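> Quick one: the structure is below, and I'll ask about it shortly.
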Amino acid sequence: MKNTIILFCLFMIIILTGCKSDPITPVVESSNISLISTYSTNASTNAVYVLPISGRNYALIADGSNGMQIIDVTLVNAPDSVSSYNTEGSANDVTAAGINGDLYAFVSDYSNGLDIVDISNPLNPYLAGTLNAGIGLVNTSFVDASRNLLYLSAGAGNYQIYDISNLPGEPTLLNAGYTGSQSINSLYASGNYLYIACGDIGLKIIDVTNPSSPQNVSLTNTAGITSDVVVNTGYAYVADSYNGMLIMDVSNPQAPVLKSKFTGTGQILAVYANNNNVFCADNNYGVENVNVSNPNSPVEAGYLQTNSSATGIMYFGGYIFMAAAEGGMAIFQPTN
């Protein structure tokens, strides 16, 4: 009888503390987007980046105090954890790139700077180096692998540019700059230009033809708080919080032109462009798929509403991967 009681108590402890229940709120309403699966994490899924490695697909998750998680998503209906790398700070963003024949994850680790993790073998990630000397709070980064350049936020509106052609050797600091904003929420490089979502002051464009001497090109003030930017075929798509998703013609970076705005339903925090579609993470509303084939008149092509936060988004292999903060990661499929 005593052993039975002990086993029952252990069973209840496991139920109450050992397993994290599925945190993604069931779909409230949807059109042309289907929920495929969810994956619970132990902390806060702030960002997700998906890529192929050795014939399989993996999602890298910036999981706050839990570091970086690596999830096998080859079978999208059954995501499976394969490894993790526990950072010393709080993982807020993650991206990846192949440099000198090896594959690296770049984890924006906030107060701990930026961790560069070798993920060539996703089952055994290991630290290749950390950038933290003289850097402020690192909440995002972008890698231009074609030019071996790393851009990162360095707290309070500052950014830094590094040459990473020597990896796994130490990156070389080329230049540092100040945007004039209170924060840098997103960085995106296209061609010889760096696009910066500068929060309170809007979208800033910098000429990085010579990364050792970047030149300010233009600043477009927006009505909202710019939290993300991506560039595709001459257009910048800007997540501008409650002001919606902005479509800007940046074919002339010196004079960007606002073409239109997709208002959305709530607070658009992140965007990802794929051909004629832009996928938006709309915070408490969920995911929206916007057709931008006519940049003057964007049209909602699909949506899926949950009550979980949608803070980050990526499209890969026909699926939408959403970072849902405390809700973990969700995988959706556009059906139109």
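> Give me the angle, in degrees from 0 to 90, between the Cα long axis of helix 2-13 and the longest principal axis of the Cα atoms of the chain, rounded to the nearest 10.
The answer is roughly 20 degrees.
> Let me ask something additional. So what's the gap between the Cα centers of the range 83-155 and the range 305-336, to the nearest angstrom?
Their Cα centres are 23 Å away from one another.
> What value in Å³ per residue do you get for the convex hull of the alpha-carbon atoms in the range 23-334? List each step's numbers first, then the result.
On the way: hull volume 34.4 nm³, N = 312.
Dividing the Cα hull volume of the range 23-334 by its residues yields 110 Å³.
> Okay, next question. Based on other C-beta atoms within 10 Å, arrange Ser293, Ser40 from fewest to most. Kindly include the intermediate steps, with their values, before the conclusion.
Numbers: Ser293 11, Ser40 18.
Fewest-to-most ranking of Ser293, Ser40: Ser293, Ser40.
> Listing Lys261, Lys204 from the residue with the fewest other Cβ atoms within 10 Å to the one with the most, what is the order? Intermediate values should be presented prior to the final figure.
Details: Lys261 18, Lys204 24.
With the fewest neighbours first, Lys261, Lys204 line up as Lys261, Lys204.
> Explain nothing, just the number: dipole magnitude of the chain about its Cα centre with +1 on each Lys and Arg Cβ and -1 on each Asp and Glu Cβ, in debye rounded to the nearest 20. Walk me through the numbers before you get to the answer.
Values: 7 positive and 23 negative charges, 48 e Å.
With Lys and Arg at +1 and Asp and Glu at -1, about 240 debye.
> Can I ask one more? Once you put a point 7 Å from the Cα of Val299 and another 7 Å from the Cα of Ser212, both along the Cβ direction, what distance in nm separates them?
Label-label distance for Val299 and Ser212, simple model: 5.1 nm.
> Can you give the Kirkwood hydrodynamic radius of the range 97-251 from its Cα pairs, in Å with one decimal? Intermediate results must be reported in sequence, preceding the final value.
Details: mean 1/r = 0.0634 Å⁻¹.
Across the range 97-251, the inverse of the average 1/r is 15.8 Å.
> Continuing with the same structure: Order by neighbour count: Asp200, Asp282, fewest other Cβ atoms within 10 Å first, most last.
On the way: Asp200 15, Asp282 25.
Ascending Cβ contact count within 10 Å gives the list Asp200, Asp282.
> Given a Förster distance of 41 Å, report the FRET efficiency between Asp200 and Asn100 from their Cβ-Cβ distance, rounded to the nearest 0.05. Intermediate values should be presented prior to the final figure.
Values: r = 38 Å, r/R0 = 0.93.
The formula returns an efficiency of 0.60 here.
> Ok, one more. Under the rule of -39500 (n - 2.57) per DSSP H run of 4 or more residues, summed and divided by the residues of the chain, what mean residue ellipticity at 222 nm is obtained, to the nearest 500 deg cm²/dmol? Please report the intermediate quantities before stating the final value.
Values: 1 runs with 12 residues, N = 336.
Theoretical 222 nm ellipticity from helices: -1000 deg cm²/dmol.
Every read-out reported here was derived from the displayed coordinates using simple, explicitly stated rules and does not represent laboratory data. It should be emphasised that the depicted structure is a prediction, and the values quoted were computed from it without experimental measurement. Glycine gets a Cβ as well: all are built from the backbone with ideal geometry, and neighbour counts include every protein chain shown.
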